[in-house]
1. Scan region 90-127 residue by residue and report those that are open to solvent by 70 Å² or more (accessible area, probe 1.4 Å) and either at pLDDT 90 or above or among the basic types (K, R) (or both).
2. State yes or no: is L167 in a loop (DSSP other than H, G, I, E, B), modelled with pLDDT of 90 or more and within 19 Å of the chain's Cα centre (by Cα)?
3. Can you tell me how many residues in region 34-78 are polar (S, T, N, Q) and farther than 30 Å from H106 by Cα?
4. When the residues of region 26-52 are filtered to those that are open to solvent by 10 Å² or more (accessible area, probe 1.4 Å) and part of a loop (DSSP other than H, G, I, E, B), which remaining residue is nearest to F132 (Cα to Cα)?
5. Evaluate the following for A54: is it within 15 Å of the chain's Cα centre (by Cα) and closer than 16 Å to H150 by Cβ?
6. Which condition does L130 not pass, out of (1) open to solvent by less than 40 Å² (accessible area, probe 1.4 Å); (2) assigned to a helix (DSSP H, G or I), if it passes all the others?
7. Identify the single condition in (1) more than 16 Å from L155 (Cα to Cα); (2) touching a residue at least 40 places away in the same chain (Cβ under 8 Å); (3) in a loop (DSSP other than H, G, I, E, B) that V71 does not satisfy, given that it satisfies every other one.
8. Of all residues in region 135-161, which are in contact (Cβ under 8 Å) with a residue 12 or more places away in the chain, within 16 Å of E30 (Cα to Cα) and not hydrophobic (A, V, I, L, M, F, W, C)?
Amino acid sequence: MSPALPPTKAPIDMLHSVRIRFDPLEDRLELVIRVDDDGAYRLHLTRRIAVKLASQLQILAGWSAAVPDTVDPVTRGSITASHHTALAAHASIAPAAPSASPLVVHTGARPVLVSDVQCGRRNGDEKWMLAFHYGERETLSLALEQATLHGIIELLRRKLQEAQWGLTLLPEPAPRKAPQRRRRSCTEETLRPPPEKIAGGRCARAYHRRRIGRSRPDA
């Protein structure tokens, strides 16, 4: 049974979309997380933080696949990769489209540097939790459905390959015999999860807790 994150005081908003791109000038990954139609967070991930995030997401992917502990590591990796491929196919991943209206970026004009990441599973509804710690004591926490989790894992997996940091998130899935559609190559891709209402929870690190105020009131 997977451990669960305790609830967090940080607000968790409706997840509109997640966009990831590799910034070659900064040598960082940039995440743009839209939590509603016009509000977003822009985050920068260094290679060190990307290593930690990829490691934790790989663990979540294994929990999601529910592979028995008795299975050998090679077989476990193969089952987890196949499970991920099947679920990621249900996530809507497409080249990023320009926003129809200006976004209210809650983190400011430039991306803020992520100081720590934390992943887990929430008590109660068993949703997957992804928390980004940034600034002095601020946290952005997301509660994700299973298909959305695997969509984010797939986006990150592709961008780690593009960054050429020598990091691998899940082994490459075995090639299928049936012909597949050609994968698009682009600098930036967006994940649009199905609509889901996200409730509050508690992040495990108390010293990172701080209520994040919105830049504009909810409609």
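The values are calculated or read from the model by the stated rules, or taken from the named source; none is laboratory data. Computed from a predicted model, the values in this text were never measured in an experiment. Quick reminder, even Gly has a Cβ in these numbers, built from the backbone with ideal geometry, and neighbours come from all protein chains shown. Heavy atoms of the whole protein, side chains included, go into the accessibility calculation; ligands, DNA and RNA do not. Shrake-Rupley method; radii C 1.70, N 1.55, O 1.52, S 1.80 Å.
1. Within region 90-127, R110, L113 meet the criteria.
2. Judged against the criteria, L167 is a match.
3. Matching residues across region 34-78 total 4.
4. T46
5. Taking the combined requirement at face value, the residue satisfies it.
6. Condition (2) is where L130 drops out.
7. (2)
8. Scanning region 135-161 gives G135, E154, R157, R158, K159.
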